[in-house]
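Here the structure comes first, spelled out in structure tokens, and everything after it is commentary.
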Amino acid sequence: MANVLEKLNPRERRLALILGGVVAFLVLVAIPVTLESLVLSRRGETEDLRSALGAVQAARAQVRERQSKKDNIARRYGKKAPVLAGYLEQTARSQKLEVTDSVDRPEVPHGKRYTERNTVIHLKKAGMYPIAKFIEALEKSTYPVAVTRLGVRKRSGEPDSYDVEIGVSAFDRTDVPAAAPESDKSEKDKDTKDKDAKDKKGGGG
């Protein structure tokens, strides 16, 4: 390499040195920096892709959760609550509570699809724990019912003894077909059995 440079004139030697410096710069600095930039760029693209996939998975989970809640609400409102007075008395009795009286309020329409039925009951000399369990049972009911009114008064001179007024509402969907009465169902089953018996008799003859 030195012999080659000695044969060059000063101008050519200077150009060769400059060219060598450029090549050395490209090898030692420019190429490694470019490769590192490419690696970082690919790494950034990978992270972006991973974040996008995570966002898609989270969105799918949210959609499934919303759909599940929607299905649960539809199932709950598809099951009409029984007559409130009897239902509340039965639920109270399971908590060793006694309903002293109940008052049914007029039905209130909510739009074209829902109707609210409301019943107010009174409990006398009730303990706080049974009252709490009674309300919890109503809130966890599979029927579309809700406690909409609650008044509690402590009885003086009596430990853990309260007089309670509870208002409960049931929300009915007006477009849900009513279940057929048991008597109609029995008659229908009987007619079906009679028809089958006649068909068998006719076939045997």
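The values are calculated or read from the model by the stated rules, or taken from the named source; none is laboratory data. Bear in mind the structure is a predicted one, so any value in this text is a computation, not a measurement. In this analysis, Cβ positions are derived from the backbone assuming ideal geometry, glycine residues included, and neighbour counts consider all displayed protein chains.
So which residues in segment 108-127 are charged (D, E, K, R) and at pLDDT 90 or above, if there are any at all?
GLU116, ARG117, LYS124, LYS125
Could you list all residues from segment 121-140 that are more than 26 Å from the chain's Cα centre (by Cα) and surrounded by fewer than 19 Cβ atoms within 10 Å (Cβ to Cβ)?
Scanning segment 121-140 gives HIS122, LYS124, LYS125, GLY127, MET128, TYR129, PRO130.
Restricting segment 62-106 to residues that are in contact with a strand residue (DSSP E or B) (Cβ under 8 Å, 6 or more places away or on another chain) and at pLDDT below 90, which is farthest from MET128 (Cα to Cα)?
GLY78
Mind listing whichever residues of segment 100-118 are in contact with a Leu (Cβ under 7 Å, 6 or more places away or on another chain) and either among the small types (Gly, Ala, Ser) or not in a strand (DSSP E or B) (or both)?
Result: SER102, single match.
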